[in-house]
Amino acid sequence: MHANEVRHYASPILVKSRQFFATLTSERLIVEGGPSPREFKVSSILSASPCKLETGEPGLKLIVSTPDGQKEMIWGFPVGNAFKIGEQEAWTDQITKVSGVKPFAEGGGEVAKPRTAVPPRIPAPELKIKTSIPAPDIPANSIRPDFVSGESVVIETAGVRVKRTFYTIYLTNIRLILQNTTGKIGREFAIAELMDAAAFETEEGEPAIALSVGSQTGAKQMVLSFPTESARSAWMQEIKAKLPVRQTLISAASEPTVVTCTGLFAPDAGERVILSTGGVRIKRNFITLHLTNTRMVIEGKAAILGEFSLNTLVRAIRLAGEVGEPGIALQIAGREGEKEMHLLFSGMPDREQWIQKLSEIIPEEDHSMYAPEQHQYTVTTVAQPTQRNSQDTYCPACGARNHVDDEVCALCGTLLHPPVESSRAPARREKRAKAERPAKRDRPERGEKREKVPYNGGAIGFITRPSDAFSYYLRETPRDALGMFLLSGALWAVLSVLMIAYVLPVVLRISITDFPIFSALQTDLMLLVLFVLVLYVIWIICVMIQALITGIVARVCEPEVRFSEIMAIVMRSTLSYPVIGWIPILGQFAAGIWSAVVTWKGLTAGQNMRAGQAAVAAFLGLIIVYMLLFAVGSI
């Protein structure tokens with residue numbers, strides 16, 4: 001967003017049965033999700049009035065002024081029926097608040113009459129429409145999840161975003177339920193698994209809650225972004241009432257004045273240890289972190305990996321790890337500029353203690369211009385680094401202290417003394433990179449990142465965006481993926497047989513008289529259909545064997561995964577076969593590798609497996625299937 005631009009409201013919308021994401025700021029109305037985002041100035045919005053769609057659902061009619069006249073745009077809302085009225089009222093109120101009342105808007109999508117021809121005493125048309133439309137009949141519990149006996153809903157809200165997916169979330173007396181836009185339960189957590197909750201504002205200014213959920217592998221953090229501030233406040237109140245009293249974010253008990261260290265680290269004379277925490281992870285290394293009144297020390301298993309003076313600590317920001325672990329993004333000043341180091345903690349209380357202590361050490365930024373209220377999550381200071389020991393060298397990547405004779409950093413493994421190259425080589429590489437870099441037509445403004453389009457549940461996402469697709473369709477069974485699986489196999493078998501019977505002889509210039517099989521396939525329809533059925537059955541058997549082997553290996557690597565969900569993931573990943581698998585030999589191999597990569601992404605996103613374990617499970621099943629095919633073919 002631009003400087004001094006304030007975001008007022010944002011949620012998913014439907015325009016002509018296509019889902020988009022609309023954002024209303026103090027200056028613009030931004031609609032994203034198509035080939036290119038569309039923007040309308042707030043001053044060009046003439047009216048926003050509630051209406052009824054053809055299906056009887058509540059919608060919103062916008063009249064926008066364009067160079068060709070006034071145009072009409074009808075919005076729907078892809079949320080639960082019980083919340084469509086709320087979305088309609090929220091958008092109407094926010095647009096009216098930002099743009100003001102404009103009584104000269106005319107509907108119908110035609111060119112507007114001159115403003116001078118409209119008597120000023122005529123009341124605003126949108127007010128008449130607003131009062132004349134009755135409230136639509138909303139079927140009760142039409143898409144609600146199946147609740148168990150004795151379960152009652154405490155609070156529910158639609159349009160809540162987790163990463164790039166929107167859910168309708170329910171808090172009952174038993175569990176927390178996340179239901180996606182298709183009506184399926186994406187995730188659910190028992191009340192006993194909820195550990196901590198903290199309210200904050202995201203970088204975009206959205207009201208959000210950082211929810212810590214316990215599991216067998218430790219605490220994981222999930223960020224829920226709410227459409228309104230009132231919804232966030234109501235959820236915080238209800239979640240706090242459900243949390244155990246013993247599991248608060250920051251303990252109210254007074255901290256001990258002396259912290260003892262039993263590891264390799266020993267404070268200097270006059271140095272006081274403020275905080276020490278073990279089990280902190282930096283990349284794949286587990287370390288013990290110490291904070292004193294003069295420095296921050298990183299202690300490894302066998303040596304001190306690094307230390308940083310307090311006046312080199314620039315900024316500390318909350319973050320969540322790849323699997324939701326609570327963490328801190330710590331920016332540290334160095335010779336090459338500011339470097340960022342990610343600290344991942346085993347629990348939310350440890351992370352909050354470090355944020356509190358770092359905020360006391362690092363003064364806050366002086367925000368001279370308007371910015372969203374997030375000073376309690378970002379602390380900043382600018383200072384020169386202290387003088388360093390001449391016998392030490394500092395990592396150019398993470399800033400950790402190392403001995404001058406070391407070749408690689410003990411903390412991150414980066415080369416400490418990279419080879420010196422001639423001055424012409426970088427210039428040539430830079431020139432070549434600029435020549436090969438494709439031209440970008442729509443570049444975002446400096447300091448502004450291009451947002452990824454939210455995934456809307458399309459089947460093509462399983463081959464183009466597998467991580468988003470499997471995060472969207474969580475906890476699927478083989479029955480859910482059966483239709484897409486059978487259709488993919490049928491298309492592959494039909495296209496492969498047509499390719500072999502008709503295209504292959506022409507491409508390879510094979511005479512059908514020398515090879516009777518081709519002439520038989522081209523003249524006998526029953527033989528052609530029988531060949532399709534044989535290939536179809538062989539394909540299904542091979543995929544089932546691959547799914548079985550992948551599920552067994554995944555269970556060995558990670559006992560918590562569900563075998564039925566892994567079968568569904570492998571079945572979903574076969575969409576690559578009708579795309580390129582019908583190309584003889586090369587296409588078949590490419591489709592198999594593509595399917596294994598999609599399975600790998602699905603195991604990582606849907607089963608929370610590590611990337612290495614998921615890759616082994618996905619590719620081992622494919623390799624064994626090809627070995628069996630070669631063994632049968634050689635008999």
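What to note about this one:
- Accessible-area composition of the stretch 4-52, carbon plus sulfur, in percent [1.4 Å probe]: 49 percent
- Stretch gain in nm, segment residue 589-residue 38, where the contour uses 0.36 nm per residue and the Cα spacing is subtracted: 194.2 nm
- FRET efficiency, residue 89 to residue 515 (Cβ-Cβ, R0 60 Å, nearest 0.05): 0.25
- Carbon/sulfur fraction of accessible area - the stretch 504-582, other protein chains in place, 1.4 Å, %: 75 percent
- Using R0 = 25 Å, the C-beta based FRET efficiency linking residue 7 and residue 233 works out to 0.90.
- Simple spin-label estimate for residue 611 and residue 405 gives 3.5 nm between the two label positions (7 Å along the Cα-to-Cβ direction from each Cα).
- Candidates per trypsin sites (Lys or Arg not before Pro) in the stretch 315-348, loop by DSSP, up to 10 other Cβ within 10 Å: 335
- In this simple spin-label approximation, residue 293 and residue 361 carry label points 7 Å from Cα along the Cα→Cβ vector, and these lie 1.4 nm apart.
- Relative contact order, whole percent, for the stretch 551-635 stands at 26, derived from Cα pairs under 8 Å and 6 or more residues apart.
- A protection proxy built from the mean count of other Cβ atoms within 10 Å ranks the segments 530-538, 21-29, most packed first, as 21-29, 530-538.
- Residue 403 contributes about 80 Å² of solvent-accessible surface, heavy atoms of the protein only, 1.4 Å probe.
- Legend: residues 619, 630, 518, sorted from most to least accessible area (1.4 Å probe; ligands, DNA and RNA excluded), read 630, 619, 518.
- Packing order of peptides 297-310, 5-18, highest average first: 297-310, 5-18 (average count of other Cβ atoms within 10 Å over each peptide's residues).
- Residue 192-residue 490 FRET efficiency (beta carbon distance; Förster radius 35 Å; 0.05 resolution): 0.15
- Total formal charge among the other residues, if their Cβ is under 11 angstrom from that of residue 265, Lys/Arg +1 and Asp/Glu -1: -3
- Label-point separation in nm, residue 629 to residue 414, each point 7 Å along Cα→Cβ: 4.4 nm
- Neighbourhood charge, 14 Å Cβ-Cβ cut-off, centred on residue 236 and excluding it, Lys, Arg +1 and Asp, Glu -1: -1
- Contour excess over end-to-end distance, with Cα ends at residue 52 and residue 281 and 0.36 nm allotted per residue: 77.1 nm
- One decimal place: the segment residue 202-residue 504 gains 103.1 nm when fully extended, by the rule 0.36 nm per residue minus the C-alpha distance.
- Sorted largest first by accessible area at a 1.4 angstrom probe radius, with every protein chain in place, the residues 526, 341 fall in the order 526, 341.
- Solvent exposure, largest accessible area first (probe 1.4 Å, DNA, RNA and ligands not counted), of 98, 42: 98, 42
- Residues in the stretch 177-214 reached by a label modelled at residue 242 [backbone nitrogen below 15 Å; 7 Å Cα→Cβ]: 177-179, 186-198, 209-214
The values are calculated or read from the model by the stated rules, or taken from the named source; none is laboratory data. If you're wondering where the values come from, they're calculated on a predicted model, not measured in any experiment. All Cβ positions, even for glycine, are placed from backbone atoms using ideal geometry, and neighbour counts span all protein chains on display. Heavy atoms of the whole protein, side chains included, go into the accessibility calculation; ligands, DNA and RNA do not. Shrake-Rupley method; radii C 1.70, N 1.55, O 1.52, S 1.80 Å.
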